[in-house]
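Quick one: the structure is below, questions incoming.
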Amino acid sequence: PKVVKTGAGSALMQHPEKIKEICKTIKEETDLPLSVKFRLGWDWDSVNYLEFADMATEGGADAVTLHARTRSQGYAGFADKNAFKTLADHMKGTGVKVYGSGDVFSAEDAISMINDFNLDGVMFARGAIGNPFIFRETRHYIEKGEYLKPSRNEILETAIKHFDLMVHYYGENIAGREM
């Protein structure tokens, strides 16, 4: 809500022409690849992600990431995963990379999304909270074709390291509450 009330973030879904202008301005200032993440639409009555993707790429976006929920859904319900394939098919032949976001809570979810919906990759969000191993697990599967789960010792060592770092940066009281 803090971002949306300024007209930024998912509020741009109401004015897709603005993302074209924003992307053009950014591309004039950098040679770095530009990616744009967006939702299905503002709400179910205004689903416009294909138009939004077109505007972003016309403005120079090199990659697009669809979070397959509307702004009005927030993080409730389930992502409309069929929209990933629709977007990937829509962008086919443009050279634009297409990524998916939403309901990716494991390496298995990520690989399934990439394969089932013809995506170039996925973006981890809430699925990485409490599971920093998800990135390594997914990369390992892509490279080796097998899932590699962390051992209990590795999970425990990582949690302790995380706590120690939080104590270092935030103090023991905050670290204890946050952990």
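The values are calculated or read from the model by the stated rules, or taken from the named source; none is laboratory data. For clarity, every value in this text was computed on a predicted model and none was experimentally measured. Please note: Cβ atoms are built from the backbone with ideal geometry, for glycine as well, and neighbour counts cover all protein chains shown. To get the accessible areas, we keep the full protein, side chains included, count just its heavy atoms, and leave off ligands, DNA and RNA. Shrake-Rupley method; radii C 1.70, N 1.55, O 1.52, S 1.80 Å.
Would you kindly compute the Cα radius of gyration of segment 124-179 and its largest Cα-Cα separation (Dmax), both in Å?
Cα radius of gyration and Dmax of segment 124-179 are 13.8, 43 Å respectively.
What residues have an amide H closer than 5 Å to that of VAL122, excluding those fewer than 5 places away on the same chain, when H is modeled at 1.01 Å from N in the peptide plane?
Result for VAL122 returns GLY100.
Which order do SER35, SER10 take when ranked by solvent-accessible area (1.4 Å probe, heavy atoms of all protein chains), largest first?
SER35, SER10
According to the square roots a ≥ b ≥ c of the eigenvalues of the Cα gyration tensor, what is the shape class of segment 42-137, taking rounded for a/c under 1.5, prolate for a/b larger than b/c otherwise, and oblate for the remainder?
oblate
Another question, then. Please give the solvent-accessible surface of HIS168 in Å², to the nearest 10, using a probe radius of 1.4 Å with every protein chain present.
Only protein atoms counted, so the area is about 130 Å².
Top to bottom by accessible area (1.4 Å), largest first, where do ASP45, ASP103, ASP54 land?
ASP45, ASP54, ASP103
Further question: Tabulate in residue order the Karplus-calculated ³J(HN,Hα) for segment 85-95, using 6.51 cos²θ - 1.76 cosθ + 1.60 with θ = phi - 60°, rounded to whole Hz; enter x for Gly and Pro.
5, 4, 5, 4, 5, 5, 8, 4, x, 8, x
Sticking with this structure for a sec: Could you please state how large a percent of the accessible area of the chain is carbon and sulfur, counting protein chains only and using a 1.4 Å probe?
52
Another one. Output ³J(HN,Hα) for segment 64-80: one whole-Hz value per residue in order, computed from phi by the Karplus curve 6.51 cos²θ - 1.76 cosθ + 1.60 with θ = phi - 60°, and x for Gly and Pro.
10, 10, 9, 8, 7, 9, 7, 4, 5, 6, x, 10, 7, x, 10, 5, 7
Rounded to the nearest 500, what is the chain's calculated 222 nm mean residue ellipticity when only DSSP H runs of at least 4 contribute -39500 (n - 2.57) each, over all residues?
Taken over the chain, the calculation gives -14000 deg cm²/dmol.
Pop out the ³J(HN,Hα) list for segment 168-174 in order, Karplus 6.51 cos²θ - 1.76 cosθ + 1.60 with θ = phi - 60°, rounded to Hz; leave Gly and Pro as x.
Using θ = phi - 60°, the values come out as 4, 8, 10, x, 5, 4, 5 Hz.
Solvent-accessible area of GLU146, probe 1.4 Å, all protein chains present, reported in Å² to the nearest ten, please.
100
Among the listed pairs LYS20/LYS85; LYS37/LYS85; LYS27/LYS85; LYS85/LYS149; LYS27/LYS92, give every one whose C-alpha distance is greater than 25 Å.
Over 25 Å apart, Cα to Cα: LYS27/LYS85; LYS85/LYS149.
Ok, one more. Can you pull the one-decimal nm distance between simple spin-label points at PHE135 and VAL3, each 7 Å off the Cα toward Cβ?
Label at PHE135, label at VAL3, 1.9 nm between them.
Then there's this: Which residues make up the longest stretch of the chain clear of trypsin sites (Lys or Arg not before Pro) that lie in a DSSP loop with no more than 13 other Cβ atoms within 10 Å, not counting the sites?
Here the longest run is 3-91.
With each pseudo-label sitting 7 Å past Cα toward Cβ, what's the LYS85-GLU178 distance in nm, one decimal?
Each label point lies 7 Å from its Cα, and together they span 4.2 nm.
Could I ask something else about it? Just one of [x] 18.6, 54; [y] 14.7, 41; [z] 19.7, 55 is Rg and Dmax of the Cα atoms in Å calculated from these coordinates, so which is it?
[x]
Sequence-distant or interchain residues sharing an amide H contact under 5 Å with VAL36, placed H: which?
Here ALA63, VAL64, THR65 satisfy the definition.
What order do GLU17, GLU29 take when sorted by accessible area (1.4 Å probe), most exposed first?
Solvent-accessible surface, decreasing: GLU29, GLU17.
Where in the chain is the longest stretch that carries no chymotrypsin sites (Phe, Trp or Tyr not before Pro) classed as loop by DSSP and with at most 14 other Cβ atoms within 10 Å?
Free of exposed loop sites, the longest segment is 79-146.
Still on this structure: Roughly how many whole Å is it from the C-alpha centroid of segment 73-132 to that of segment 35-71?
Centre-to-centre (Cα) distance: 13 Å.
Roll a 1.4 Å probe over the protein chains and send me the accessible area per residue for segment 64-137 in Å².
Here the residues of segment 64-137 average 46 Å² of exposed surface.
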